[in-house]
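Report on the structure given below.
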Amino acid sequence: MSTPRGEFTSRFGFLMASSGSAVGLGNIWGFPTNTASNGGAAFLFAYLILVFALAYPVLMAELIIGRHAQANAVTALQSISSGKKSRLLALVVGFTGIITVSFILSFYAVVSGWMIAHFFDPLARLFGMDGLAQWLTRDAVVRNSLFVALFMVITIYIISAGVKDGIEKWASRLMPSLIIILLLLVFYVLTLPGASEGLRAYLVPDFSRITDPALLVNAMGQAFFSLSLGVGTMLVYGSYISKQENLPVVGGLVALLDIGIAVLAGMLILPAMYVALGNGVEIFDADGGLIAGPGLIISVLPALFSTMGAIGIPVAIAFFLLMTIASLTSSISMLEVPVAYGVEHLGVERRKVAMIVGTVITFISLLIVFNFDPLFDLVVTATTEYSQPLLGLFFCIFVAWIWRRNDILEEIKQGNSQVESGIFWKIWPVYIKFVCPLAILIVYFQ
Ligand code: TRP
């Protein structure tokens, strides 16, 4: 049990790691398509409000608990609970979080595996290996299993190396690369014919939709998924932040980075879809909506790249590299949740826990690959639509109703001695106590 805990060595390291967790398939895939199919900028508007009004407060709850307890999710929640019942609740919530995030990783790895396969496709074509390229883009159980396993091996490798030499080191390399690749792609795609029409579909608001409950439910789900909330990911990352760090500020920066990259990704995906339309690629589904599911990334965009001629190859490589990086900095944050628990609570060596838990999750992923139709949607829905918001609600309850208010203040004060007189302390406690739980419940029962 005496394993020393890791810590991020700088604010930059923490920001890259936690924005790496936040920025993932949810931003580059989920956000743009959700926006396009929910009234364009009206959705963006609702999303911005929900992120700051609901998701940011919950993110802060996780970061504060984590940094205070300097421990994994289960131990941390228990350490802020004094009564017998609340400690039991802490155990249940902490464990449900660990199980939920493990299942999230199991489906996330399947999709990430597709991204790696599609990354190798243009490379294979570049080297004239057309047979291999065809195999790489054909949705088959063997291909999917191999790439799920490859993706999980890389995830396990990074997590085995620890907080500083694994998570921080890789996030600090990968996140800046991601931002550069994304910017280059956006600039390039915006020069293509048809791009402005896509920009219009993305940004012109249809405000008649703003009170639509479906829009609000989608926006909240998107916000929770995108900020990796409810399952202890941000709690564990928070536990590795230095005590000198000003939590409300770094939490705000993580939220801003997450939103910024999502908005930017929309300026890539939607214009790219309309460029594809101009090139004769089908971008609408049978109901007349934009194709948003797996088809978007693994058929519409590759079809676009292949109509682009020679430039299509580097563009495809860059795009799927972007997707792979986004997936990887998220998947490591998911695996860290059960691993931190295993290391600290069971006293097992990090490498071993990472290997064992990672292998179990890989098996669950393979189960999904082999039974895709019945399992994939089921796991996605159960984890992200049911478990995650409910767990977020419990995090609010822990911070606002179980933990002592003074302890919270003391914790934040360590990195921000003026916090008591600032705006954060005037608003956040009320928010997390009443507004967030109520809003989550209302949206949940929609
Ligand atoms: N936020 C990531 C995305 O947008 C995914 C993610 C990472 C996640 N860790 C999580 C989602 C924990 C839910 C819970 O793709």
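Table for the structure above
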read-out	value
Matching option when the condition is of a type in the set (Asp, Glu), touching a helix residue (DSSP H, G or I) at 6+ places or on another chain (Cβ under 8 Å), more than 16 Å from the ligand (Cβ to nearest atom) and in contact (Cβ under 8 Å) with a residue 24 or more places away in the chain, among Asp206, Asp212	Asp206
Failed item, numbered, when Ser365 is tested on (1) open to solvent by less than 10 Å² (accessible area, probe 1.4 Å); (2) within 13 Å of the ligand (Cβ to nearest atom); (3) of a type in the set (Ser, Thr, Tyr)	(2)
Helices (runs of 4 or more DSSP H) contained entirely in region 11-125, each with at least 1 residues that are in contact (Cβ under 8 Å) with a residue 12 or more places away in the chain and in contact with a His (Cβ under 8 Å, 6 or more places away or on another chain)	73-79
Failed item, numbered, when Val353 is tested on (1) surrounded by 19 or more Cβ atoms within 10 Å (Cβ to Cβ); (2) in contact (Cβ under 8 Å) with a residue 24 or more places away in the chain	(2)
Test: residue in region 316-338 that is touching a Pro at 6+ places or on another chain (Cβ under 6 Å), in a helix (DSSP H, G or I) and open to solvent by 10 Å² or more (accessible area, probe 1.4 Å)	yes
Region 282-304, residues that are in contact (Cβ under 8 Å) with a residue 40 or more places away in the chain and open to solvent by 20 Å² or more (accessible area, probe 1.4 Å)	Gly289, Leu290, Ala292, Pro294, Ile298, Pro302
Any chance Asn34 is open to solvent by less than 10 Å² (accessible area, probe 1.4 Å), within 16 Å of the ligand (Cβ to nearest atom) and not charged (D, E, K, R)	no
Scan of region 306-315 for residues that are in contact with a helix residue (DSSP H, G or I) (Cβ under 7 Å, 6 or more places away or on another chain) and either open to solvent by 20 Å² or more (accessible area, probe 1.4 Å) or within 16 Å of the ligand (Cβ to nearest atom) (or both), ordered by number	Ser306, Met308, Ile313
Answer from Gly30, Gly13, Gly26, Gly39 - the residue that is of a type in the set (Gly, Ala, Ser) and within 22 Å of Arg350 (Cα to Cα)	Gly13
Conditions (1) open to solvent by 30 Å² or more (accessible area, probe 1.4 Å); (2) in contact with a Ser or Thr (Cβ under 9 Å, 6 or more places away or on another chain): number failed by Val204	(2)
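Residue-wise test of (1) at pLDDT 95 or above; (2) of a type in the set (D, E, K, R); (3) under 22 Å from Val337 (Cα atoms); (4) away from the ligand (no atom under 15 Å from the Cβ).
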{"site": "Leu216", "(1), (2), (3), (4)": "no, no, no, yes"}
{"site": "Ala219", "(1), (2), (3), (4)": "no, no, no, no"}
{"site": "Gly232", "(1), (2), (3), (4)": "yes, no, yes, no"}
{"site": "Val236", "(1), (2), (3), (4)": "yes, no, yes, no"}
{"site": "Ile241", "(1), (2), (3), (4)": "yes, no, yes, yes"}
{"site": "Asn246", "(1), (2), (3), (4)": "yes, no, no, yes"}
{"site": "Val250", "(1), (2), (3), (4)": "yes, no, yes, yes"}
{"site": "Val254", "(1), (2), (3), (4)": "yes, no, yes, no"}
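The values are calculated or read from the model by the stated rules, or taken from the named source; none is laboratory data. Keep in mind that what you see is a predicted model, and the values were worked out from it rather than measured. Backbone-built Cβ (ideal geometry, glycine too); neighbour counts: all protein chains shown. Keep in mind that these areas ignore ligands, DNA and RNA; they rest on the heavy atoms of the full protein, side chains included. Shrake-Rupley method; radii C 1.70, N 1.55, O 1.52, S 1.80 Å.
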